[in-house]
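Colleague: Let me begin by handing over the structure; questions about it come next.
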């Protein structure tokens with residue numbers, strides 16, 4: 001039968017067992033680190049080769065970034081805190097950064113002669129910025145963390 005699909009197999013996890021399992025949810029904002037192929041990794045690779053960095057939408061889009069080691073620290077903290085069970089956390093640096101500012105910072109940090117090629121705006125500015133206060137209150141309360 002062409003185009004007919006079988007129904008999905010039942011989950012090997014009985015629903016009663018799955019819902020009784022302790023769960024913590026992490027909503028991550030732009031994680032980056034070694035082997036990164038996102039905007040941070042692309043900009044660093046290009047800056048190291050003194051190639052132009054292309055910034056779309058006029059450079060006005062913003063987001064928050066999260067280094068992978070900080071992500072691991074947040075997960076480790078959640079594993080050690082009973083209060084984290086059943087919670088959902090926004091995990092990020094807590095700093096809204098424009099893509100244009102990111103490009104400028106990377107060029108400066110790398111000591112590159114790259115130029116920034118800002119493309120015209122094609123849409124409304126995109127803003128993605130987490131409220132990390134809950135994560136800081138519950139996960140980082142016992143440490144001097146500055147994600």
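Colleague: Regarding the range 127-135, can at least one residue be identified that is at pLDDT below 90, under 24 Å from residue 47 (Cβ atoms) and surrounded by fewer than 18 Cβ atoms within 10 Å (Cβ to Cβ)?
Modeller: The answer is yes, given that some residue of the range 127-135 is at pLDDT below 90, under 24 Å from residue 47 (Cβ atoms) and surrounded by fewer than 18 Cβ atoms within 10 Å (Cβ to Cβ).
Colleague: Right, here's the next one. Within the range 76-85, does at least one residue satisfy the condition of being within 20 Å of the chain's Cα centre (by Cα), in contact (Cβ under 8 Å) with a residue 24 or more places away in the chain, buried (at least 16 other Cβ atoms within 10 Å of the Cβ) and within 15 Å of residue 27 (Cβ to Cβ)?
Modeller: yes
Colleague: Residues of the range 51-64 being closer than 19 Å to residue 112 by Cβ and crowded, with 17+ Cβ neighbours inside 10 Å, which ones? Lay out the reasoning, then the answer.
Modeller: The first filter runs over the range 51-64 and keeps only residues closer than 19 Å to residue 112 by Cβ, leaving 51-55, 59.
Correct list: 53, 55, 59.
Colleague: Does residue 84 meet the test of being at pLDDT below 90 and over 18 Å from residue 129 (Cβ atoms)?
Modeller: No: the conditions fail for residue 84.
Colleague: Read through the list (1) touching a helix residue (DSSP H, G or I) at 6+ places or on another chain (Cβ under 9 Å); (2) in a loop (DSSP other than H, G, I, E, B), then give the number of the only condition that residue 74 fails.
Modeller: Unmet condition: (2).
Colleague: Please determine whether any residue of the range 100-109 is outside any helix (DSSP H, G or I), within 16 Å of the chain's Cα centre (by Cα), within 18 Å of residue 33 (Cα to Cα) and touching a residue at least 24 places away in the same chain (Cβ under 8 Å).
Modeller: For the range 100-109, residues outside any helix (DSSP H, G or I), within 16 Å of the chain's Cα centre (by Cα), within 18 Å of residue 33 (Cα to Cα) and touching a residue at least 24 places away in the same chain (Cβ under 8 Å): absent.
Each row is one residue, and each column tells you yes or no for (1) over 16 Å from the mean Cα position of the chain (by Cα); (2) modelled with pLDDT under 90; (3) assigned to a loop (DSSP other than H, G, I, E, B); (4) within 29 Å of residue 135 (Cα to Cα).
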{"site": "3", "(1), (2), (3), (4)": "yes, yes, yes, no"}
{"site": "8", "(1), (2), (3), (4)": "yes, yes, yes, no"}
{"site": "18", "(1), (2), (3), (4)": "yes, yes, no, yes"}
{"site": "70", "(1), (2), (3), (4)": "no, yes, no, yes"}
{"site": "90", "(1), (2), (3), (4)": "no, no, no, yes"}
{"site": "94", "(1), (2), (3), (4)": "no, yes, yes, yes"}
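Colleague: Yes or no: residue 101 within 28 Å of residue 48 (Cα to Cα) and at pLDDT 90 or above?
Modeller: Against the criterion (within 28 Å of residue 48 (Cα to Cα) and at pLDDT 90 or above), residue 101 qualifies.
Colleague: Run residue 51 past the list (1) without any contact (Cβ under 8 Å) to a residue 12 or more places away in the chain; (2) assigned to a loop (DSSP other than H, G, I, E, B); (3) more than 18 Å from the chain's Cα centre (by Cα) and report the number of the one that doesn't hold.
Modeller: (1)
Colleague: Go through the residues of the range 107-125 one by one and say whether even a single one is loosely packed, with under 12 Cβ neighbours inside 10 Å and closer than 30 Å to residue 24 by Cα.
Modeller: no
Colleague: Right, something else. Looking at residue 48 and the list (1) touching a helix residue (DSSP H, G or I) at 6+ places or on another chain (Cβ under 7 Å); (2) surrounded by 15 or more Cβ atoms within 10 Å (Cβ to Cβ), which single condition is not satisfied?
Modeller: Tallying (1) touching a helix residue (DSSP H, G or I) at 6+ places or on another chain (Cβ under 7 Å); (2) surrounded by 15 or more Cβ atoms within 10 Å (Cβ to Cβ), residue 48 fails exactly one: (2).
The values are calculated or read from the model by the stated rules, or taken from the named source; none is laboratory data. Since the model is a prediction, treat every value here as computed from it, not as a measurement. Note that we place each Cβ from the backbone using ideal geometry, even for glycine, and neighbour counts take in every protein chain shown.
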